[in-house]
Amino acid sequence: MSTDSPLPALPYRSAPARLTLRPKQAGSAAIALFLAANATLIAVFFGHTGALADPTVSVGRLLGLGGGLFMDVQLLLAARIPWLERRLGMDELTSWHRLIGFGLAFTVLGHLTFVTIGLARAAGRTPLAELLWIIPPSNYTGVLLGVVATVLILLAATVSTRRLRRRLSYEKWHLLHLSMYLAAYVAFAHATIAGDTFIGSPAATTYWSALLWSSIAAILTFRVGLPVLRNLRHRLRVSEVVSEADDVVSVRVTGRRLDLLPAAAGQFFVWRFLAKGRWWKGNPFSVSESPDGRSLRLTAKAVGQGSSTLRDLQVGTRVIVEGPYGALTALHRTTTRAVLVAGGIGITPILSLLAEIGQGAVVIYRARTQHDVVLRDELTEWARRNGAVIHLLVGPSTAPGMRLDAERLRALVPDLLERDVYVCGPRTLTDAVFSATRELGVPRHQVHAERFAFAD
């Protein structure tokens, strides 16, 4: 292992030409086409049933329908549909979720604002007076439900801003986001009672009902049914707990027919250990070995309550998992060789990928101290078996030679343009690598990343 060992002279072979969209392109295109097709249908239904003499109210009602579409797409994204999950992964799905979430907040707020202004003008009242007048059910049936749904949606959007997300634990943030399910139900009830454009024709009513129920069916299937089926089939249990360092532990899990579990190197599960004080809490950990159909292994650093108590697990403890999730996999390779960049505990998915990437990989592993270098011996052995080169960068990121800027990355990997780049670590590391590869002209589709921070 060396920080400046020369790269092996390996022949470069171009990746075969692709006749189809790349996985991430296919996933993003599917979401965009779904949005476009349904927006077109909504416009058609609105043209037949929603046009009013007052243009302000018409705009407000059209925005409300757009909010309904955004709400259903949010529910579909929350379902974590495996086809999308494998192609987009956590980062891309989070970007879509954020974009559509803020679109939802703006459309429902616009719906309430424009409708209130239009009705106020017709009644000769101020917008605030009109809002206070239409909320009571005795005056306008169903409006109160719409206001409640709007408040819940704006609450979810507010806690999703980066500043507030960094102040909240994952569990609190997730609990607040569960209000979106209630908001969807309340908004549907509001539209059923008060939405002329929703119930203006049998076709429109059938369409909106099908859209909502398909979203609910996706959540029940992929967030409830599939995990239950897999856990009943595989009956996972802790088979080994290994202390790798003072603050690092590996947990090996075995079960039945693990060859049927579609896990790939680089992915992660949400693990729930059925032990005292832990059964109710799920934690996302990557697999730190390439899945072999016989066992799964996770390796975690003690950075919070969930990871710090893993070493106390007893052999035989039942394990419930959700997943696999993530797109940091070999599915996204576009060339024949790769460079794998890891920061801290981000080495775990990189280590599992090393077994699949093949000959000639380059591993760049950055850690603050020698103590923070995780699974060093195993990494060295895998590199020896696969003919990989390891660059171990130990020290503060501000120290000379530690920053992965364009110059440093080009010095470590002279043939970078001919490689896929896999990155896993904190946001500062992934941002630095994205910036450096962009400066060096590496095509964006050759760079694949997974971040280890939900608040980013």
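The values are calculated or read from the model by the stated rules, or taken from the named source; none is laboratory data. Treat the numbers as computed from the prediction; the structure is a model and nothing was measured. FYI the Cβ positions are ideal-geometry reconstructions off the backbone, even for glycines, and counts take in every protein chain you see. The area values use the complete protein model at the heavy-atom level, side chains included, leaving out ligands, DNA and RNA. Shrake-Rupley method; radii C 1.70, N 1.55, O 1.52, S 1.80 Å.
Only one entry of Thr113, Thr107, Thr40, Thr56 meets the criterion of being free of Cβ contacts under 8 Å to residues at least 40 places away in the same chain and of a type in the set (Val, Ile, Thr), and that entry is Thr40.
Filtering segment 376-394 to residues that are assigned to a loop (DSSP other than H, G, I, E, B) and surrounded by fewer than 19 Cβ atoms within 10 Å (Cβ to Cβ) leaves only Gly387.
Residue-level analysis places Ala449 outside the set of residues that are at pLDDT below 85 and either outside any helix (DSSP H, G or I) or open to solvent by 40 Å² or more (accessible area, probe 1.4 Å) (or both). Of the candidates Ile320, Ile345, the single residue that is in a helix (DSSP H, G or I) and in contact (Cβ under 8 Å) with a residue 60 or more places away in the chain is Ile345. Of all residues in segment 307-317, those satisfying the criterion of being in a helix (DSSP H, G or I) and either open to solvent by 10 Å² or more (accessible area, probe 1.4 Å) or not hydrophobic (A, V, I, L, M, F, W, C) (or both) are Ser307, Ser308, Arg311, Asp312. Within segment 91-108, being open to solvent by less than 50 Å² (accessible area, probe 1.4 Å) and hydroxyl-bearing (Ser, Thr, Tyr) holds for one residue alone: Thr107. Only one entry in Leu404, Leu328 is part of a loop (DSSP other than H, G, I, E, B) and touching a Cys at 6+ places or on another chain (Cβ under 8 Å), namely Leu328. Total residues in segment 353-375 satisfying the condition of being open to solvent by less than 10 Å² (accessible area, probe 1.4 Å), at pLDDT below 90 and either assigned to a loop (DSSP other than H, G, I, E, B) or closer than 17 Å to Ala300 by Cβ (or both): the figure is 3. Of the residues making up segment 340-382, those that are more than 17 Å from Pro291 (Cβ to Cβ) and among the polar types (S, T, N, Q) are Gln359, Thr369, Gln370, Thr380.
A count restricted to segment 407-435 and to residues that are assigned to a strand (DSSP E or B) and among the aromatic types (Phe, Trp, Tyr) stands at 1. Within segment 160-181, residues that are open to solvent by 50 Å² or more (accessible area, probe 1.4 Å) sit with their Cβ atoms under 8 Å from residues that are modelled with pLDDT of 70 or more and charged (D, E, K, R), at 6+ positions apart or across chains, in these pairs: Glu171/Lys281.
Considering only segment 111-134, state which residues are under 12 Å from Val147 (Cα atoms) and of a type outside the set (Val, Ile, Thr). Passing the criteria: His111, Leu112, Leu131, Leu132. Within segment 190-208, is even one residue touching a Lys or Arg at 6+ places or on another chain (Cβ under 8 Å), more than 15 Å from Leu65 (Cβ to Cβ), modelled with pLDDT under 75 and β-branched (Val, Ile, Thr)? Scanning segment 190-208, I find no residue that is touching a Lys or Arg at 6+ places or on another chain (Cβ under 8 Å), more than 15 Å from Leu65 (Cβ to Cβ), modelled with pLDDT under 75 and β-branched (Val, Ile, Thr), so the answer is no. In segment 331-342, the qualifying residues are those that are in contact with a Ser or Thr (Cβ under 9 Å, 6 or more places away or on another chain) and in a loop (DSSP other than H, G, I, E, B), and the one that is least open to solvent (accessible area, probe 1.4 Å) is Thr335. If the condition is being modelled with pLDDT of 85 or more and open to solvent by 80 Å² or more (accessible area, probe 1.4 Å), then segment 127-150 contributes Leu128, Leu132, Trp133.
Within segment 320-330, the set of residues being surrounded by fewer than 20 Cβ atoms within 10 Å (Cβ to Cβ) and of a type in the set (Gly, Ala, Ser) comprises Ala330 only.
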